[in-house]
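The values are calculated or read from the model by the stated rules, or taken from the named source; none is laboratory data. The structure presented is a predicted model; accordingly, all values stated were derived computationally and were not measured. Note that each Cβ is placed from the backbone with ideal geometry, even for glycine, and that neighbours are counted across all protein chains shown. To get the accessible areas, we keep the full protein, side chains included, count just its heavy atoms, and leave off ligands, DNA and RNA. Shrake-Rupley method; radii C 1.70, N 1.55, O 1.52, S 1.80 Å.
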Amino acid sequence: MDIISKNEKRTLRYGSHQLRYAAVYIALTLSVMLFLNIYCSENSQQLFYRSKHSAMMDKILHVSAAVGEQEVLNEDTARAAIEPLGNPKTARMVITDDSGRTVYDSAGDNTEYCLFPEVVQALRGNDVISIDYRDGVITSRAAAPILSYNTLTGCAYILEYDSDQGQLILNLQYSILTISIILNLVVILFTVVTAGTFTRRLRKIMTSMRIIQKGDYTHKVAIGGNDELSALGEEFDPELHNAVMREQG
């Protein structure tokens, strides 16, 4: 009775160990999937950013170069310089003088000075690009100094909203997340089924051992399969044991 009780306790302990191992395996898999999901999303987003960065830089340099060719910087000359560019697709375009005073604003804002952070940096002689992504929209801001005869005369600033590429990023992130969730569910289901099957087969062996220990030496351990557990079950098969003994005798 004590042996049977000990075997039952061992089986229960093994079952709890199996559950712990399965939980650790699932947790590790979830962590890896989460890392891959974040990594793929960030990298795909950076690819779009680099593409947008190049496009915005090319556009703002064309605008600043065109305006810089004018002898005098005012609203009329700025408009005349921009029109041949084919009306670049932007949400807003601002031209300022070297003090940040607004010379031309496509949005029609009456603000006298335009001192956006990008404009301030451009008036110091720097080309500036800033890109943000939020709610499926990429917001790009670019500014570049306007030089006339190597002298800083002003700044060109453009603002652009891109919902098309923003939606591509959003769809890609959703796709990666969906695939990750499906893979996680498959891993969880596989782990639970495998652990449960392994535990049930082990319990069959323990049950058969208890039956044999009670004196029923004709009981056959039926595990099935072709793995370590089936080999272990054959070790407790009385008929196989007697046949081996007869061959050795």
Worksheet item: Mind ordering 62-70, 140-148, 126-134, 27-35 by average Cβ neighbours within 10 Å, highest first?
Response: 140-148, 62-70, 126-134, 27-35
Worksheet entry | Inter-probe distance in nm under a simple model that places probes 7 Å from Cα toward Cβ, at residue 164 and residue 193 | 4.5
Response to the item:
Plugging the Cβ-Cβ distance of residue 186 and residue 38 into 1/(1 + (r/R0)^6) at R0 = 25 Å yields, to the nearest 0.05, a FRET efficiency of 0.80
Item to complete: Please calculate how many Å² of accessible area segment 75-144 carries per residue, with a 1.4 Å probe and no DNA, RNA or ligand atoms counted.
Response: 54
Worksheet, complete the sentence: Rh_Kirkwood(segment 42-186) over Cα pairs, Å, one decimal, evaluates to 16.3
Fill in: Within the accessible area of segment 103-155 (1.4 Å probe), percent carbon and sulfur
45
Fill in: Full-stretch length increase - residue 112, residue 175 - with 0.36 nm per residue and alpha-carbon distance subtracted
18.1 nm
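For segment 30-118, take the convex hull of the Cα atoms, compute a quarter of its surface area, and give me that in nm², please.
Result: a mean projected hull area of 7.8 nm².
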Discussion item. Using a 1.4 angstrom probe on the protein heavy atoms only, could you order 39, 104, 149 from most to least accessible area?
Written reply: 149, 39, 104
